[in-house]
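Just below is one structure, and these are the notes that go with it.
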Amino acid sequence: QEPPASPGPREIAVMTLNLQYFSSYPKDHSAAQVRLKEVLDAGTPPDIICVQEGLNSRNVLADVGFDLCVCSAQEGKAQSVREMVYGDKPTLDACDKSTHEHMLCNQIYMRRETSWVVQENGCLQISRDLDLAGGGGRLTGKLAIRSMCWVRVKHSDVPNLSVFVLCAHITGGRFEDQYFVQQLAEERKLQLHRIISFFKQRPDPKEDDVGILVGDFNATSVYTPAGPMHGYYKASIASSAGVVSDARTAGVEGEEALEDLFKAYMISPFTAISEHGWTFAYDRQQVGYTSGFGHCIDHMAMNRPLQVTSTEVSYLTNQRFGGGPADTHLPLTDHNAVKSVFVIKSHEETNIAVFRTEYDFLQHLRRYRALVHISGFGSKQQYYNAEEVVDAVSKHLFDGEHSLDRVYGKGMWAACYGGDPLNE
């Protein structure tokens with residue numbers, strides 16, 4: 001008789017899926033479900049799907065093998081579509097009138113055939129109770145409620161830890177961003193602090209517990225002078241009469257100073273995540289664009305470095321600008337879905353930090369004694385797949401008398417590799 005297998009690493013696949021309150025979902029339900037099943041069956045099936053901008057009245061995932069675990073509407077932490085878009089008529093006209101009073105919500109679903117088991121779940125409000133007021137042609141009213149849904153799951157292969165998956169949609173977007181000078185200056189950052197504080201204060205904590213934050217942050221992780229967030233600022237924010245009035249009242253002098261405030265506001269969730277020592281699973285370099293407007297705004301962050309064996313984007317929308325070819329023949333939403341597969345094991349077995357995003361790398365670079373640059377990665381180079389790069393150089397980095405681990409010490413050096421996997 002063979003001895004029982006010892007507990008060891010276990011993978012968990014997590015997907016983020018913004019359904020845009022079904023505003024873009026096809027009226028041909030059967031065709032839409034076929035496309036949805038096609039996406040979910042591709043590659044490693046997701047164990048958990050984190051939904052943003054779902055509707056409490058509509059469940060399209062039950063028919064493709066997923067069960068609802070927690071819903072912010074059922075927990076009393078949601079508002080109607082009308083309230084969430086501040087009654088904006090063009091936005092409401094673009095979606096089914098019958099859904100205007102339905103609850104727009106965050107949800108978490110589990111695959112029925114997954115071997116992970118839900119232990120607990122819940123939901124909490126992460127936004128403050130604020131009144132948005134200030135005129136200048138801006139929409140006003142109570143700040144739309146933002147929430148975070150969570151599940152705690154366990155697996156028999158890793159019995160001494162739990163995985164907390166946290167699903168959120170952070171304040172932001174064209175209605176709310178115009179208040180960045182006044183009431184909302186710190187709101188986005190505070191929401192991330194509330195989410196991570198929940199994980200830190202979780203019940204029955206274990207040292208090896210894993211936190212994976214998933215969701216729509218309404219921003220890219222890096223703000224550059226020629227980047228998409230700058231373009232958005234110039235096109236939709238800077239010229240707002242309300243923003244100009246707020247800047248004058250606050251004594252903000254000059255266009256550069258005003259944009260610096262906007263930059264701080266936009267990247268503040270990432271600043272909060274970095275302050276807590278969390279890192280990201282991917283960025284645009286891995287997944288391209290996740291919104292139909294050319295931005296990577298859907299993110300996943302981890303409380304401690306985990307091995308991410310794969311990250312895949314599923315094209316559920318087409319780009320609205322640029323004139324390129326269509327990514328999908330049947331759009332389901334205005335976001336692309338992203339799925340990452342994480343290796344779950346104890347922190348002692350995870351002694352190498354892999355920073356997969358520009359933001360994480362720049363934040364952590366100052367901690368290291370040595371930096372190694374690895375070339376030969378890209379669509380037209382020796383290695384197309386990023387994981388192949390790691391496999392090819394691991395012996396020189398980790399093993400042997402002259403390895404970097406031996407010379408500089410484990411965790412005291414960083415390797416940087418880059419290329420053009422998208423052939424852009």
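Annotation for region 275-290: at least one member residue is open to solvent by 10 Å² or more (accessible area, probe 1.4 Å), modelled with pLDDT under 90 and touching a strand residue (DSSP E or B) at 6+ places or on another chain (Cβ under 7 Å). In the set Pro3, Pro45, Pro9, only one residue is more than 28 Å from Tyr282 (Cα to Cα) and at pLDDT below 95; that residue is Pro3.
The residue that is nearest to Val343 (Cα to Cα), among those in region 188-201 that are at pLDDT 95 or above and either part of a loop (DSSP other than H, G, I, E, B) or of a type outside the set (A, V, I, L, M) (or both), is Phe199.
Check region 140-159 and report whether any residue there is open to solvent by 10 Å² or more (accessible area, probe 1.4 Å), at positive phi and touching a helix residue (DSSP H, G or I) at 6+ places or on another chain (Cβ under 7 Å). Scanning region 140-159 turns up no residue that is open to solvent by 10 Å² or more (accessible area, probe 1.4 Å), at positive phi and touching a helix residue (DSSP H, G or I) at 6+ places or on another chain (Cβ under 7 Å). Give me the pairs, please: first residue somewhere in region 308-320 and closer than 19 Å to Ala32 by Cα and of a type in the set (A, V, I, L, M, F, W, C), second residue anywhere and in a strand (DSSP E or B) and open to solvent by 30 Å² or more (accessible area, probe 1.4 Å), beta-carbon distance under 6 Å, and either six or more positions apart or on two chains. Pairs that qualify, where the first residue is closer than 19 Å to Ala32 by Cα and of a type in the set (A, V, I, L, M, F, W, C) and the partner is in a strand (DSSP E or B) and open to solvent by 30 Å² or more (accessible area, probe 1.4 Å): there are none.
Filtered by the rule that a residue be surrounded by 24 or more Cβ atoms within 10 Å (Cβ to Cβ) and in contact with a Lys or Arg (Cβ under 9 Å, 6 or more places away or on another chain), region 181-192 gives a lone residue, Gln191. Just one of the listed residues (Glu101, Glu120) is open to solvent by 60 Å² or more (accessible area, probe 1.4 Å) and part of a loop (DSSP other than H, G, I, E, B), namely Glu101.
Candidates in region 27-62 are the residues that are in contact with a Lys or Arg (Cβ under 8 Å, 6 or more places away or on another chain) and open to solvent by 10 Å² or more (accessible area, probe 1.4 Å); of these, the one that is nearest to Met110 (Cα to Cα) is Asp47.
Of Thr224, Thr220, Thr171, which residue is surrounded by fewer than 18 Cβ atoms within 10 Å (Cβ to Cβ), among the β-branched types (Val, Ile, Thr) and touching a helix residue (DSSP H, G or I) at 6+ places or on another chain (Cβ under 8 Å)?
Values: Thr220 fails: surrounded by fewer than 18 Cβ atoms within 10 Å (Cβ to Cβ); Thr171 fails: surrounded by fewer than 18 Cβ atoms within 10 Å (Cβ to Cβ).
Matching residue, one of Thr224, Thr220, Thr171: Thr224.
Kindly provide the set of residues from region 66-85 that are open to solvent by 20 Å² or more (accessible area, probe 1.4 Å) and not aliphatic (A, V, I, L, M), ordered by number. Scanning region 66-85 gives Asp67, Cys69, Gln74, Glu75, Gly76, Lys77, Gln79, Arg82, Glu83. Of all residues in region 187-208, those that are charged (D, E, K, R) have Cβ atoms under 8 Å from Cβ atoms of residues that are open to solvent by 30 Å² or more (accessible area, probe 1.4 Å) and assigned to a helix (DSSP H, G or I), 6 or more apart or on another chain, in Lys189/Thr271; Glu207/His347; Asp208/His347.
With respect to Glu83, determine if the residue is touching a strand residue (DSSP E or B) at 6+ places or on another chain (Cβ under 9 Å), closer than 23 Å to Phe175 by Cβ and assigned to a helix (DSSP H, G or I). Walk me through how you get there before you give the answer.
Details: touching a strand residue (DSSP E or B) at 6+ places or on another chain (Cβ under 9 Å): yes; closer than 23 Å to Phe175 by Cβ: yes; assigned to a helix (DSSP H, G or I): yes.
Yes; evaluated as a whole, the condition is true for this residue.
Inspect all residues belonging to region 354-367 and state whether any of them is more than 24 Å from the chain's Cα centre (by Cα) and at pLDDT below 85. Looking for residues that are more than 24 Å from the chain's Cα centre (by Cα) and at pLDDT below 85, one finds at least one in region 354-367, hence yes. Of the residues Ile237, Ile195, the single one that is of a type outside the set (Gly, Ala, Ser), open to solvent by less than 50 Å² (accessible area, probe 1.4 Å) and within 30 Å of Pro159 (Cα to Cα) is Ile195.
The values are calculated or read from the model by the stated rules, or taken from the named source; none is laboratory data. Bear in mind the structure is a predicted one, so any value in this text is a computation, not a measurement. FYI the Cβ positions are ideal-geometry reconstructions off the backbone, even for glycines, and counts take in every protein chain you see. Accessible surface areas use protein heavy atoms only, side chains included; no ligands, DNA or RNA. Shrake-Rupley method; radii C 1.70, N 1.55, O 1.52, S 1.80 Å.
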